[in-house]
1. How many of the residues in the range 120-168 are outside any helix (DSSP H, G or I), of a type in the set (A, V, I, L, M, F, W, C) and in contact (Cβ under 8 Å) with a residue 12 or more places away in the chain?
2. Name the helices (runs of 4 or more DSSP H) wholly within the range 1-96 that hold at least 2 residues that are in contact with a Ser or Thr (Cβ under 6 Å, 6 or more places away or on another chain) and crowded, with 22+ Cβ neighbours inside 10 Å?
3. Name the single residue, out of those in the range 97-117 being surrounded by fewer than 19 Cβ atoms within 10 Å (Cβ to Cβ) and within 17 Å of Phe138 (Cβ to Cβ), that is modelled with the lowest pLDDT.
Amino acid sequence: VQYATQIDMCGVTLTSALNKHYGALRERLQKGATVRVLIADPDSRALEMSALRSESPDTDYYGKRLETTFNDLRSLNRSLRDFRQGQQTAGLLGTLEVRLLPFAPSFGIYKFGTDRSDGTILVEIFPHKSGFISTPAFSLVAERDGKWYSYFAGQFEDMWRQAKPWEP
């Protein structure tokens with residue numbers, strides 16, 4: 001995250017990921033990075049789908065997490081806007097784009113610097129009913145994992161195209 005100029009994130013709510021990397025995302029936006037975030041649409045059945053595959057099917061849990069995510073995204077957007085107003089050369093600033101998925105993704109994707117040859121994609125497989133303590137995850141690098149790297153990069157782009165834009 002620290003040096004990426006392109007950051008793509010996909011998950012049901014991304015609450016923990018956004019909270020953990022908030023400072024780094026804010027800094028990267030201020031230094032010109034493009035950040036794209038894909039999360040569940042609260043007005044779709046995505047939260048219900050997520051709850052059904054959880055250990056305890058509680059849709060409210062996902063709704064509350066998603067609201068926290070929206071608050072963090074609004075805050076990032078405000079920070080970017082405030083920085084833009086205080087800066088003379090707005091061209092140096094990055095962009096924050098958020099889209100909402102009409103379904104619950106079955107895996108999370110975190111793409112860092114995929115516009116460079118040393119870019120990385122992290123994939124986290126979401127469990128069904130059990131296994132939430134340590135979910136399977138793996139990293140992909142284009143040079144080492146060409147086929148699968150391209151596959152998961154394409155999956156993100158396919159979901160991005162299907163999702164509807166969100167404005168804070």
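1. Residues meeting the conditions: 12.
2. The helices (runs of 4 or more DSSP H) meeting that bar are 59-86.
3. For the range 97-117, the residue satisfying everything is Ser106.
Yes or no, residue by residue, for (1) farther than 28 Å from Glu55 by Cα; (2) in contact with a Gly (Cβ under 6 Å, 6 or more places away or on another chain); (3) loosely packed, with under 12 Cβ neighbours inside 10 Å:
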{"residue": "Ile121", "(1), (2), (3)": "no, no, no"}
{"residue": "Glu124", "(1), (2), (3)": "no, yes, no"}
{"residue": "Pro136", "(1), (2), (3)": "no, no, yes"}
{"residue": "Met159", "(1), (2), (3)": "no, no, no"}
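The values are calculated or read from the model by the stated rules, or taken from the named source; none is laboratory data. Remember, it's a predicted structure, so these values are computed and weren't measured experimentally. Glycine also receives a Cβ, built like all others from the backbone with ideal geometry; neighbour counts cover every protein chain displayed.
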